[in-house]
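The values are calculated or read from the model by the stated rules, or taken from the named source; none is laboratory data. Just so it is clear, the model here is predicted, and its values are computed rather than measured. Note that we place each Cβ from the backbone using ideal geometry, even for glycine, and neighbour counts take in every protein chain shown.
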Number of protein chains: 2
Amino acid sequence: MKKSGQVTIKDIAKELNISCSTVSRALKDFPGISPATKKAVIELADKYNYRPNAIALSLRNQKTNIIGVVIPETVHFFFSTVISGIEDAAMKEGYNVMICQSNENYDREGDCIDALMSARVDGVLVCISRETSDLAHLQKVVNDGTPMVFFDRLVEGMNASSVIVDDYQGAYDAVEHLIHQNCKNIVHLSGPENLIIGRKRIEGYSSALEDNNMPIRPEYIVECRNGTQEEAEAAMDKLIASGMPIDGVFASNDMAAIGALMAARKAGIKVPEDMAIIGYSDWQFSRMVEPALSSVSQPGYEIGKEAANLMLQEINQKEKQKSQIKILDTEVIVRASSNRNSA
Amino acid sequence: MKKSGQVTIKDIAKELNISCSTVSRALKDFPGISPATKKAVIELADKYNYRPNAIALSLRNQKTNIIGVVIPETVHFFFSTVISGIEDAAMKEGYNVMICQSNENYDREGDCIDALMSARVDGVLVCISRETSDLAHLQKVVNDGTPMVFFDRLVEGMNASSVIVDDYQGAYDAVEHLIHQNCKNIVHLSGPENLIIGRKRIEGYSSALEDNNMPIRPEYIVECRNGTQEEAEAAMDKLIASGMPIDGVFASNDMAAIGALMAARKAGIKVPEDMAIIGYSDWQFSRMVEPALSSVSQPGYEIGKEAANLMLQEINQKEKQKSQIKILDTEVIVRASSNRNSA
DNA sequence: TAGCGTGTTTCAAACGTTTGCATTTGTTTG
DNA sequence: CAAACAAATGCAAACGTTTGAAACACGCTA
């Protein structure tokens, strides 16, 4: 018996006075091992709770069966849902997942990448941080021949696949919904504009107005970089105070939408009667606020699952395929905050 | 130049016509390497973006610098907050984190443990699933000499430390708060009773009543195993329909509290005037419902941080210390749903 | 010239596993 | 009885890194 640590093939070999090769083959049910030996090995392995050393295997096979994930924050409902999807898809194929959070910080994103590359993960799934515009650290990854897949936030000009939602269409649908609710002056609380995701939503917002013969007013597009409730609330306070006849708000995330809700409440503006509000992401709490918040739902779990599967596919084929973009559909969830029909 | 994959010490050695040992020592700034060699090695390593192979290091050092985490679900606000705390504490000490979610499932918890042990993580942090009562799979971990620390959900009878919140006190404080709000008939929507955590809350609930000379009525303690809104709502529907004069609810989690809120709303019972409600965990959305939900806040980030630090401490000392239990304080956050003073 | 010291470098083993090839055993056949 | 064969097992190298010990080249002294 060993004093500490897990048993190895060596330990078993020594105890049975046979060689490592034999033990290895016995455990994998190779032909050419006598039934007696096989039995003895398996019994001992079982008794000592033998588990193959994944480290040694990784070194020999040049393959860790780990996929790395770089994510802005784990603590957001959407992202943790994505992780859940990744986890399930990976585990199903015998892969483990190593997660690093960048905290939306460029430098830390670099550290995460370094750590994962050092760990020799078989591939990395990344959702770039808000701060990231220089892609050198990511370019190194593909240069080293490590598969990479982006999720949620599209990254262009790089030979890597992406799994995203149709942000343009989601925004378009949300704004059109507001128009159908008879909104005439719709404000867009936008996300950071350096993310393609944010620009797509602005485009969707603009197109929906255009297609419905409504003017696009630049002063109605307000950037909320951090996407916090406070930020959005302050922005709305200002808009309301300015006397603009706002009767609709499309926020680029649910926190911002709640901020708008709070601002409206403070100003005595009735939601949805005087102002219809819709958010983005359909966070868990969205249905619980009063009035329940309409939102554009993004299929977080599916994004994670699709991204992981795309990754596994790339890992398993030797030749690098052309990178692809997988676009998942969003869905407008109409709740009380924008529903004037039943009001 | 290599065709693919990351460069190794060998590649550098070959290109400079020196031995691996020299390269290794040059990179670590060992004495006894000529300045010229040192310079050449470092330059080449830099040029090729050399990163030490953590796998090889792990194998040699018998140490992976990875800590494993087994968590019921990543997609809950509380748990993702814990993960965030673990991540930060680990990263600060140069450790990576490998996360497996058990989905509150016993078998899958076993698979997670197996995967992590196979990966030879230096220690595991675990929050056992609701289903877990047999501890054999965890016992194997400590038998193998791998440090283990439990968090959030206490596990007794095992030589491992735990980081938990003072659930007894949290429940006690919550119930006493309701009593101070003049509640006379307080219901407890309890969690699953096989978790110590659930029992502690029942004890806290009971003690608070006792200490205030109020009767403990078994029919006022209703188990909500799954902790979902629907389950709690149904339970409350039944209690309300039975005609019991309930004027206070202490729920063992915020979802259940929301369920109670919904049931009250349906029944035309005013909150907090006719019924004061307080939840547990202080989820992010708790402050956003209407009326804003009172709750017992648990320091998720601190739990993660403390657990990780305890783990790192255990990893770094050769001799196994006596295991300890670290208890973090909860805090009653009073909001509209239980505040009758300003109402 | 042998001996010594110093500064620089290489050798070899180890970590745990797999696997092509070689070797050992035991049995059968010509 | 020797040769041929099959069955069972062992050897050794490889994956990338570190590190104690050994080796080398040099100049200096006795």
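Would you confirm whether any residue within segment A:76-85 is part of a helix (DSSP H, G or I), in contact with a Lys or Arg (Cβ under 7 Å, 6 or more places away or on another chain) and more than 9 Å from every other protein chain (Cβ to nearest Cβ)?
yes
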Would you confirm, using the coordinates I've provided, whether A:Arg217 is exposed (fewer than 15 other Cβ atoms within 10 Å of the Cβ), out of contact with any Phe, Trp or Tyr (no Cβ under 8 Å at 6 or more places or on another chain) and free of Cβ contacts under 8 Å to residues at least 60 places away in the same chain? yes
I'd like the full set of residues that are in a loop (DSSP other than H, G, I, E, B) and either of a type in the set (Val, Ile, Thr) or touching a strand residue (DSSP E or B) at 6+ places or on another chain (Cβ under 9 Å) (or both), limited to segment B:91-145. B:Tyr95, B:Ser102, B:Ala119, B:Arg120, B:Val121, B:Asp122, B:Cys127, B:Ile128, B:Ser129, B:Thr132
Candidate set: segment A:16-39, residues that are hydroxyl-bearing (Ser, Thr, Tyr) and outside any loop (DSSP other than H, G, I, E, B); chosen: the one farthest from DNA strand C (Cβ to nearest atom): A:Thr37
Which one of these does A:Asp274 not meet: (1) surrounded by 21 or more Cβ atoms within 10 Å (Cβ to Cβ); (2) assigned to a loop (DSSP other than H, G, I, E, B)? (1)
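Identify all residues within segment B:1-15 that are among the basic types (Lys, Arg) and either within 12 Å of DNA strand C (Cβ to nearest atom) or in contact with a Lys or Arg (Cβ under 7 Å, 6 or more places away or on another chain) (or both); write none if there are none.
Just the residues of segment B:1-15 that are among the basic types (Lys, Arg), to begin with: B:2-3, B:10, B:14.
Selection gives B:Lys10, B:Lys14.
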Of all residues in segment A:25-37 being surrounded by 12 or more Cβ atoms within 10 Å (Cβ to Cβ) and near DNA strand D (Cβ under 7 Å from one of its atoms), which is nearest to the other protein chains (Cβ to nearest Cβ)? A:Arg25
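Within the group B:Asp122, B:Asp144, B:Asp167, which residue is touching a helix residue (DSSP H, G or I) at 6+ places or on another chain (Cβ under 9 Å) and more than 14 Å from every other protein chain (Cβ to nearest Cβ)? Steps first, please.
Working: B:Asp122 fails: more than 14 Å from every other protein chain (Cβ to nearest Cβ); B:Asp144 fails: more than 14 Å from every other protein chain (Cβ to nearest Cβ).
Selected residue: B:Asp167, the only one of B:Asp122, B:Asp144, B:Asp167 that is touching a helix residue (DSSP H, G or I) at 6+ places or on another chain (Cβ under 9 Å) and more than 14 Å from every other protein chain (Cβ to nearest Cβ).
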Can B:Met262 be described as modelled with pLDDT under 95 and in a helix (DSSP H, G or I)? yes
Checking A:Met98 against (1) more than 22 Å from A:Gln139 (Cβ to Cβ); (2) away from DNA strand C (no atom under 16 Å from the Cβ); (3) within 9 Å of another protein chain (Cβ to nearest Cβ); (4) modelled with pLDDT of 95 or more, which test does it fail? (1)
Please return the ranges of strands (runs of 3 or more DSSP E) entirely within segment A:156-224 where 1 or more residues are within 21 Å of the chain's Cα centre (by Cα). A:161-165, A:186-190
Just one of the numbered conditions (1) surrounded by fewer than 17 Cβ atoms within 10 Å (Cβ to Cβ); (2) hydrophobic (A, V, I, L, M, F, W, C); (3) closer than 30 Å to A:Ser162 by Cβ is not true of A:Ala241; which one? (3)
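Of everything in segment A:126-139 that's touching a residue at least 24 places away in the same chain (Cβ under 8 Å) and within 14 Å of chain B (Cβ to nearest Cβ), which residue is farthest from the chain's Cα centre (by Cα)? If you could, list the steps in order and put the result at the bottom.
The initial filter retains those residues of segment A:126-139 that are touching a residue at least 24 places away in the same chain (Cβ under 8 Å), namely A:126-134, A:137-138.
Narrowing the set further to residues that are within 14 Å of chain B (Cβ to nearest Cβ) leaves A:137-138.
Values: A:His137: 19, A:Leu138: 17 Å.
Looking at residues that are touching a residue at least 24 places away in the same chain (Cβ under 8 Å) and within 14 Å of chain B (Cβ to nearest Cβ), I get A:His137.
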